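Reading through the structure tokens given below for one structure.
The values are calculated or read from the model by the stated rules, or taken from the named source; none is laboratory data. This structure is a prediction, so every number in the text was calculated from the model and none was measured. With ideal geometry, Cβ positions are generated from the backbone for all residues, glycine too; neighbour counts draw on all protein chains shown. Note: areas computed on protein heavy atoms with side chains; ligands, DNA, RNA excluded. Shrake-Rupley method; radii C 1.70, N 1.55, O 1.52, S 1.80 Å.
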Amino acid sequence: MGFMIGAGMASPFALAGSVSVNPRTIGAASGMYGFFQMGYGMLCTVAVEVWHPGAVYPVALIMLLSVLAGQVIIAFGTRSV
């Protein structure tokens, strides 16, 4: 529940940030954001169902790994060159 609340709170800000970089490409940025969000959700669903069909704990593990991967990507993406 906490993960979903956090995702729901962060998603509008992430979308606003992704479409505000270049005003001429707002439509493309919004489309790519939705594509990657849905695509990653599909990949996580397939991974859980292939790994342990119908189990709850693999879902929690995939969510935890997703959060950790996101933090690592943000850390590398925002560090000074």
- Message: Anything in the range 23-36 that is surrounded by 13 or more Cβ atoms within 10 Å (Cβ to Cβ) and either touching a His at 6+ places or on another chain (Cβ under 7 Å) or within 16 Å of ALA7 (Cβ to Cβ) (or both)? List them, or say none.
- Response: TYR33
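Let's see how each residue does on (1) open to solvent by 80 Å² or more (accessible area, probe 1.4 Å); (2) of a type in the set (Lys, Arg); (3) in a helix (DSSP H, G or I):
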site: ALA10; (1), (2), (3): no, no, yes
site: ALA14; (1), (2), (3): no, no, yes
site: VAL21; (1), (2), (3): yes, no, no
site: CYS44; (1), (2), (3): no, no, yes
site: VAL50; (1), (2), (3): yes, no, yes
site: ALA60; (1), (2), (3): no, no, yes
site: ILE73; (1), (2), (3): yes, no, yes
- Item | Residue that is farthest from the chain's Cα centre (by Cα), among those in the range 11-37 that are closer than 14 Å to SER66 by Cβ and at pLDDT 85 or above | PHE36
- Query: Of the conditions (1) surrounded by 11 or more Cβ atoms within 10 Å (Cβ to Cβ); (2) modelled with pLDDT of 85 or more, ALA55 fails just one. Which one is it?
  - Reply: (2)
- Task: Would you be able to say whether some residue in the range 53-65 is small (Gly, Ala, Ser), more than 16 Å from the chain's Cα centre (by Cα) and at negative phi?
- Result: yes
